[in-house]
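Report on the structure given below.
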Amino acid sequence: MHNVTYIFMIDKILIIQSGGVFLLKGLILVAGKGTRLQPFSLSRAKTLIPVANKPLLEYCIESLKKIGINEIGIVLNPAQKDVCEYIDHRPADNTSITLIYQPKANGIGDAVKQASDFLKTEPFILLLGDNLINESLLSLKEAILSSSINGAVLITRVFNPSDYGIAHVENNQIIKVEEKPINSTSNLAIIGAYAFDSKMLTAINHIQPSSRGEYEITDAIQWLINHQYNISYQITNKEYSDVGTIERWFEANRWVLDSLNRSEETTDPSTIIKNCKLIPPVHIDKNCVITNSTIGPYVSVSQGAVIDNCRIQDSIVLENVYVSDVSSLITHSIFGKGTKIDKLHIETASIECLFFDYTKIISK
């Protein structure tokens, strides 16, 4: 069992089981529904979508642990039982994880407010649980531990500012932020990694819901700026993905596979591979059986998969998939968990498919 703390309400009384005091805390927000990733997000929380066979949530936890943050709060929807189960079954380590429920999706600002009893007056790193960021969080940590900084954000240059919260900078300070502006003179997007001191909670208590009914983190940052608090930034040119759509899932899988292929073993020792050609980058999880097939490039295969007599590239194979004897090249495809494809013969050179969970195609 993992060291888990729960914050919950019983008859309007807040019950907190706490453990340990840390200088800097981490907060991960995972309560989003993942509508644009349906149907794959119908059977799992969006933050548990795997990239190169590891859930997005685990990447967030690891990013915090790499900079020495071991007390982490996770804000989730009460219906996300799978997130609770995932945390309960994580291998034991020195991480203390607190689960905090956000009853209604009222925006990032509201999610942070729900965590106020966990955060107390300590500075914290805030991550959005569906964002995958290759940049280290060390500079954000160093900034917020500085006596002169009240907040810091990670930003990157983008081609479509209207899809992001946008920062305007001057003299190494953020002077203005906008939430998804239609026309903007800045292309510096805030990409889901922040550091704040306790003044952020004050700011959230002073803002009003936006036109879409949410307490926007950008409004809270602007409140801090307007009240002469210092907000710094770091620009990153490293890979980043907001894994909110199917296409962004593919994109994230590609660049993570690229990085894994350079740094670590890509096939689990428990997996059986016979008479196959693997074209890197490929990542194959545990307890798979792959025979008479060509796999790659850019393929991740989750645990328990069985693949025989197939050619697969640029694809994501989820857990316990069985796919055998497919005549065409399979490319740019996702196999939902438990999918079974047997003897699929199509008179075309290649196919692109989204096989939802437990899809069955069996030819006799």
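Applying a DSSP loop filter and a limit of 16 other Cβ atoms within 10 Å to the trypsin sites (Lys or Arg not before Pro) in region 29-62 leaves Lys33. Annotation: peptides 203-213, 276-286, 160-170, ranked by per-residue average of other Cβ atoms within 10 Å with the highest first, follow the order 276-286, 160-170, 203-213. Mean sequence separation of contacting Cα pairs (under 8 Å, at least six apart), scaled by the length of region 146-286, corresponds to a relative contact order of 24 percent. Taking every alpha-carbon pair in the chain and binning the separations at 10 Å intervals from zero gives 5, 23, 30, 23, 13, 5, 1, 0 percent. Normalised per residue, the accessible area of region 31-127 is 38 Å², obtained with a 1.4 Å probe and no contribution from ligands, DNA or RNA.
From helices alone, the chain scores -5500 deg cm²/dmol at 222 nm; the rule is -39500 (n - 2.57) for each run of n ≥ 4 DSSP H residues, then divide by the residue total. Of all beta bridges that DSSP places with both ends in the chain, some 30 percent have antiparallel geometry. When only Cα pairs below 8 angstrom with a gap of at least 6 residues are kept, region 222-364 shows a relative contact order of 13 percent. Keeping the other protein chains in place, figure out the carbon and sulfur percent of the accessible area of the chain, with a 1.4 Å probe. Here it works out to 49 percent.
Converting phi to 3J(HN,Hα) with the Karplus coefficients 6.51, -1.76 and 1.60 and the offset θ = phi - 60°, region 132-141 yields 10, 10, 7, 6, 5, 8, 4, 5, 5, 4 Hz in sequence order, with x at every glycine or proline. A simple charge model with +1 on the Cβ of Lys and Arg, -1 on the Cβ of Asp and Glu and nothing else charged puts the dipole of region 32-171 at about 320 debye relative to its Cα centre. Under a model in which nothing but the beta-carbon of Lys, Arg (+1) and Asp, Glu (-1) is charged, the chain shows a dipole of about 340 debye around its Cα centre. For region 63-96 versus region 99-128, the inter-centroid distance based on Cα atoms is 14 Å. For Ala105, the amide hydrogen comes within under 5 Å of no other amide hydrogen, counting only partners 5 or more places away or on other chains and with H modelled in the peptide plane.
Highest mean first, the peptides 77-86, 302-311 sorted by other C-beta atoms within 10 Å per residue fall in the order 302-311, 77-86. Charged side chains reduced to their Cβ positions (Lys and Arg at +1, Asp and Glu at -1) give region 187-254 a dipole of some 100 debye around its Cα centre.
Converting the Cα gyration tensor eigenvalues of region 258-357 into ellipsoid dimensions via √(5λ) gives semi-axes, longest first, of 20, 14, 13 Å. Relative contact order, whole percent, for region 159-225 stands at 31, derived from Cα pairs under 8 Å and 6 or more residues apart. Translational diffusion coefficient of region 67-167 (Stokes-Einstein, Kirkwood radius from Cα pairs, 20 °C, 1.002 mPa s): 136 µm²/s.
The convex hull around the C-alpha trace of region 184-303, projected and averaged over every direction, spans 11.5 square nanometres. Over every Cα atom in region 106-241, the radius of gyration and the widest Cα-Cα span, Dmax, amount to 13.8, 38 Å. Per 5 Å bin from zero, what fraction in whole % of the C-alpha pairs of region 312-364 is there, up to the bin with the longest pair? Taking all Cα pairs of region 312-364, the binned fractions are 6, 21, 31, 30, 9, 1 percent.
The values are calculated or read from the model by the stated rules, or taken from the named source; none is laboratory data. Bear in mind the structure is a predicted one, so any value in this text is a computation, not a measurement. Cβ sites come from the backbone with ideal geometry, for glycine too, and all protein chains shown count toward neighbours. The area values use the complete protein model at the heavy-atom level, side chains included, leaving out ligands, DNA and RNA. Shrake-Rupley method; radii C 1.70, N 1.55, O 1.52, S 1.80 Å.
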